[in-house]
Amino acid sequence: MRETFHVNNDGYFGDFGGAYIPEILYNNVETLRNAYKKIINDTRFQHEYNRLLADYAGRPSPLYHARRLSEKYRCKIYLKREDLNHTGSHKINNAIGQILLAREMGKTRIIAETGAGQHGVATATVCALMNMKCIVYMGETDVERQHLNVQKMKMLGAEVVPVISGNRTLKDATNEAIRDWCSHPADTYYVIGSTVGPHPYPDMVARLQSVISKEIKKQLTEKEHREYPDYLIACVGGGSNAAGTIYEYMDNRAVRILLAEAGGKGIDSGKSAATIHLGTTGIIHGAKTLLMQTEDGQIEEPYSISAGLDYPGVGPMHANMAKHKRSEVLAVDDDEALDAAMELTQLEGIIPALESAHALGILKKKQFNPDDVIVLCLSGRGDKDMETYINTTNNPKITTKI
Ligand SMILES: *Cc1c(COP(=O)(O)O)cnc(C)c1O
């Protein structure tokens, strides 16, 4: 049998994945699994999904040849411009797909968890569009840190529920969303924002994001007269923009996959979110995967300057690909990401999201050949991170000189 990195029939990616859920959710997850398989291939669903991706989200996103950046790293770098999507990141691709699915399933109440607020805003946006009730769980710490996104969600008509358990961040918001789902299984659809959670979510989110690599194939064929690059580069929080970027190429060994996880203040500093470097196998939010935990199984608090990468787990697809060396995962620290953000801004006139800046940080860590074609997923724009950029401008550690 040909080796594959796609999900198997039982919902596993190698040893990782599955659905480890409380009994009360068993029927819900089973119904979702069956509905998802049927609906996602349905012509009417595909038509509506593609229509909204095009006319509402603004797809296809451009594949931009970044000439000055390429010159600096002596190779040919294309940026996949997910930052130009409506609401400012790749998250809208998934939100549109899942909320359409929820509507097909007859659900009337949408819940979501959010960290930085990007998934919350994308979900609230599509709920406004489709006239659905929307409740977003968000850690109280994040509510304070991401004030603008909270205001956006409220303006869009969502109810934002601050979560006061644990560290009051994404992990705690996710726990609360799962609790809500357990108490309203009949009318509620839970929109998960990344390739995490119980099967079928990791596979479903990857498929809904795979539009990214489908477009890359087409665009590269036009620009390079071949449909694959030498390298794909993306950042990994839960893993959805990376999954979308690599989906069409996972089983094509000619394409090398480089992924950036958040090193924080350094992987040995105790303040990091580099789950693939530091994690061990365990169960988090319904999936078996790598997670940052103590020897007795307590989840360790992750840290990253970027709220979107600040998660103690990682999608099972990425745990498996890293284990089998299909992907190479590099830890990019806060300072390296800030440096890379400044560099892109000054070379190309594009202010990236802090998450995407971690992907850019890989360019300094690898040696490329002049004829290498690289596609890097610019997952989001930097508007939401302006405060962080402003507060670190005087940081002497940002050394970029152009
Ligand atoms: C949420 C987010 C991420 C991290 O999530 P993934 O599921 O790993 O893609 C990365 N970039 C941006 C801009 C985000 O908003």
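Annotation: extensible slack from Glu159 through Arg74 equals 25.8 nm (criterion: 0.36 nm per residue apart, minus Cα-Cα distance).
So what's the stretch 242-348 giving for Rg/Rh, alpha carbon basis, Kirkwood Rh from the mean inverse pair distance?
Numbers: Rg = 14.6 Å, Rh = 14.6 Å.
Rg/Rh: 1.00.
Of the listed pairs Lys152/Lys217; Lys91/Lys217; Lys107/Lys323, which have alpha-carbon separations greater than 32 Å here? The answer is Lys152/Lys217; Lys107/Lys323. Over the chain, accessible surface divided per residue gives 41 Å², non-protein components excluded, 1.4 Å probe. Placing R0 at 35 angstrom, the Cβ-Cβ distance between Gln151 and Lys365 gives a FRET efficiency of 0.40 after rounding to 0.05.
The distance linking the stretch 57-95 with the stretch 172-189 is 34 Å (Cα centroid to Cα centroid, whole angstrom). Structural size metrics of the chain, computed from C-alpha coordinates, are Rg and Dmax of 19.6, 57 Å.
Maximal additional length on extending the Glu224-Glu300 stretch stands at 22.9 nm, based on 0.36 nm per residue less the C-alpha distance. Straight-line cross-link reach from Lys214 at under 12 Å between alpha-carbon atoms covers these aspartates and glutamates, not counting any fewer than eight positions away in the same chain: Glu227, Glu248. Candidate cross-link partners of Lys265 among the lysines, defined by an alpha-carbon separation under 19 Å and a same-chain spacing of 8 or more, comprise Lys364, Lys365, Lys397. Do you know the relative contact order of the chain, to the nearest whole percent, from alpha carbon pairs under 8 angstrom that are 6+ apart? Once divided by the residue count of the chain, the mean separation gives 20 percent.
Left without a cysteine partner by the 4.7 Å Cβ rule in the chain: Cys75, Cys182, Cys235, Cys377.
Averaging the sequence gap over all C-alpha pairs within less than 8 Å and six or more residues apart, then dividing by the number of residues, gives the stretch 1-122 a relative contact order of 17 percent. Nearest 5 percent is fine: what portion of the DSSP beta bridges confined to the chain is antiparallel? In the chain, DSSP labels about 30 percent of beta bridges as antiparallel. If you sort the three axes of the alpha carbon gyration tensor as a ≥ b ≥ c, you get a/c of 1.5 or more for the stretch 154-306 and a/b no higher than b/c, which makes it oblate. Within the accessible area of the stretch 160-210, the carbon and sulfur atoms contribute 55%, probe 1.4 Å, all protein chains present. Springs between Cα atoms under 10 Å define the GNM used for the chain, and in it the highest mean-square fluctuation of Ser327, Ser269, Ser240 occurs at Ser269. Among Ile178, His6, Gly120, which residue has its Cα positioned farthest towards the positive end of the charge dipole of the chain, with +1 placed on the Cβ of Lys and Arg, -1 on the Cβ of Asp and Glu, and the dipole taken about the Cα centre? Farthest along the dipole direction, towards plus: His6. Over all distinct Cα-Cα pairs of the stretch 157-210, the Kirkwood formula returns a hydrodynamic radius of 12.5 Å. The percentage of C-alpha pairs in the stretch 35-145 whose separation is greater than 19 Å is 55%.
Compared with the alpha-carbon gap, the fully stretched path from His65 to Lys217 is longer by 53.3 nm at 0.36 nm per residue. Roughly speaking, what is the centre-to-centre gap between the stretch 9-27 and the stretch 309-372 when only Cα atoms are used, to the nearest Å? That distance is 29 Å. Seen against the Cα atoms of the chain and their longest principal axis, helix 118-130 is set at about 50 degrees.
So what is the 222 nm mean residue ellipticity for the chain from helices alone, if each DSSP H run of at least 4 adds -39500 (n - 2.57) and you divide by all residues, rounding to the nearest 500 deg cm²/dmol?
Working: 16 runs with 163 residues, N = 402.
Taking each H run of at least 4 residues, the total per residue is -12000 deg cm²/dmol.
The values are calculated or read from the model by the stated rules, or taken from the named source; none is laboratory data. The structure presented is a predicted model; accordingly, all values stated were derived computationally and were not measured. Cβ coordinates were reconstructed from backbone atoms using ideal geometry, including for glycine residues, and neighbour counts include every protein chain displayed. What goes into the accessible areas is simple: the full protein's heavy atoms, side chains included, and nothing from ligands, DNA or RNA. Shrake-Rupley method; radii C 1.70, N 1.55, O 1.52, S 1.80 Å.
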